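The values are calculated or read from the model by the stated rules, or taken from the named source; none is laboratory data. A quick note: this is a predicted structure, and the numbers were derived from the prediction, not measured. Heads up, the Cβs are rebuilt from the backbone with ideal geometry, glycines too, and the neighbour counts pull from every protein chain shown. Note: areas computed on protein heavy atoms with side chains; ligands, DNA, RNA excluded. Shrake-Rupley method; radii C 1.70, N 1.55, O 1.52, S 1.80 Å.
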Amino acid sequence: RGGSCDRQRVQREMNGEEAHGDGDVYVSAHRECAFDRLFALEDGDDLVLCIFDNLPLLHAFALAATDHKMRDLCKLWFPWRAAKTIHPPHPVTEFLVRKYFGLASLAVTQFEHSKPFALGKGWAVNVAEKVVTAASMMRRLGAYESAEEVLLLSVGATREELPGDAVVENLGVQLLQGAMSEALRHLDQSLEQCEDHQVFDAVNHVLCELVRVSEEKRLSFHYFNKMLPYAARAVEYGKRATRALSNRGGRPDLEGEMRRLVVVNKCWLALSVWNEEPPGEETGTAVSGGFLLDMKHVRSELAELSIKTGSSDMESLALLEQAEGTSRYCEAAYLRQGEEALRQYDLAQVSFERALELLERSKGKRSIEYAACCVELGVCIGNRRRTVDFTPRAKLLAAQWYHRGFSIRKNTLGHQHPLTVRAGFGYASHCRD
């Protein structure tokens with residue numbers, strides 16, 4: 001009962017309400033004295049904000065409740081600065097998602113009286129920055145649909161024009177038509193209207209966050225046909241971001257990230273398009289040539305990105321190795337059976353293992369990035385053991401890699417996060433059959 005009261009008090013604080021009553025009298029002479037020296041420093045306020053940055057959200061509100069000055073500084077910190085420090089697992093995830101979705105929607109609504117929707121400096125500061133911050137936090141918490149919705153609303157799309165999940169059973173290029181075309185049209189118009197550099201950067205940040213949201217949503221699905229709508233969205237958002245960054249001299253690391261995510265999702269879309277046709281016996285046949293040519297272009301672009309990436313940037317090199325593994329896996333899945341399929345599975349496994357080595361050195365074995373690569377390796381070996389390698393060892397390896405990714409995600413993201421649920425489902429599927 002006491003825990004429930006504490007949570008209610010915290011939520012009142014998050015809503016900006018004053019707290020009164022037994023146990024909620026925050027100010028005392030002793031507590032004020034305890035912070036006198038800190039507040040007397042020239043940069044004392046900044047130090048307090050940095051302290052808030054490094055505390056769990058509920059602890060930050062508990063600290064704010066001890067002093068009037070602390071409470072005033074907490075109001076500067078929450079909601080927008082605080083959003084950059086909120087990570088799962090979180091005891092009030094649903095409340096946070098609703099809170100930040102409402103704040104971001106309000107920022108958009110304040111500009112909706114402009115006809116047409118005005119993308120100026122005011123929009124860049126008061127709308128785009130807040131929306132991207134809120135969407136990034138919602139993505140980390142696993143609220144992908146809410147994040148995508150508010151990002152598209154921020155560039156002028158109406159709720160009736162949003163892609164939604166009704167197209168989830170469609171495949172390939174069909175995903176890029178109908179409801180989604182309206183949202184893409186708004187993005188194209190936004191890019192065309194950008195003349196100010198600050199506005200251009202703001203639109204690009206919206207686009208890049210849309211790519212990340214689509215990619216993580218894709219990774220939360222186990223079944224191929226469920227993944228495809230989000231692979232299509234990642235490609236369409238990412239192509240626009242990459243083109244804009246390349247043409248206007250955007251940040252090289254951001255351009256590299258977007259190009260890599262586009263290439264990875266192109267692999268899945270190519271597999272969906274060509275998977276309806278049986279692979280030819282020779283690589284020179286029309287069908288095989290089409291898919292294999294797509295994979296050749298993918299690996300050529302990955303090689304180009306690797307050359308541009310510095311040898312000291314082990315995380316980026318690891319993610320490129322992981323993308324290479326995905327391309328090999330998709331080629332093996334397309335070939336289905338035979339010696340060449342087995343060879344591609346071997347090459348994919350080697351790439352994933354190299355990526356894991358680099359991630360262990362750069363991020364550690366308990367990182368989210370390491371867990372994602374573990375799950376990808378589990379996907380690869382799992383499909384291999386169901387098509388070309390029917391051995392108990394392959395089944396065991398698939399389950400082990402899924403379980404490793406699942407364990408990391410459960411401890412880091414929480415057991416209810418969509419990425420944790422997906423890893424757990426994969427692990428269970430290889431333990432059952």
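Miscellaneous remarks
- Difference of contour (0.36 nm per residue) and Cα-Cα distance, VAL273 to LYS84: 64.2 nm
- Only Lys, Arg (+1) and Asp, Glu (-1) charged, at Cβ; the stretch 34-79 dipole about Cα centre in debye: 240 debye
- Projected-area average for the stretch 318-433 over all orientations - Cα convex hull basis, square nanometres: 6.5 nm²
- Translational diffusion coefficient (Stokes-Einstein; Kirkwood radius from C-alpha pairs) of the stretch 211-251 at 25 °C, 0.890 mPa s, in µm²/s: 227 µm²/s
- Potential lengthening between GLU304 and GLU195 on full extension [0.36 nm per residue; Cα-Cα distance subtracted]: 36.2 nm
- Area of ASP36 that stays accessible when all protein chains are in place (1.4 Å probe, Å², to 10): 80 Å²
- Extension gain (nm, one decimal) between LEU342 and LYS296, 0.36 nm per residue minus Cα-Cα: 14.8 nm
- In Hz, Karplus ³J(HN,Hα) per residue of the stretch 386-400 (6.51, -1.76, 1.60; θ = phi - 60°; x = Gly, Pro): 8, 10, 10, 10, 8, 9, x, 5, 5, 4, 5, 4, 4, 4, 5
- Across the cross-link table entries LYS69/LYS130; LYS365/LYS410; LYS266/LYS296; LYS217/LYS365; LYS84/LYS130; LYS84/LYS365, which are compared at the Cα atoms, the separations over 18 Å belong to LYS69/LYS130; LYS217/LYS365; LYS84/LYS365.
- Hz values of 3J(HN,Hα) by residue in the stretch 313-320 - Karplus curve (6.51, -1.76, 1.60), Gly and Pro given as x: 8, 5, 5, 5, 5, 5, 5, 5
- ARG251/CYS50 FRET efficiency (R0 35 Å; Cβ-Cβ; nearest 0.05): 0.85
- Listed peptides 81-90, 385-394, 230-239 by packing density, highest first (mean Cβ within 10 Å): 230-239, 81-90, 385-394
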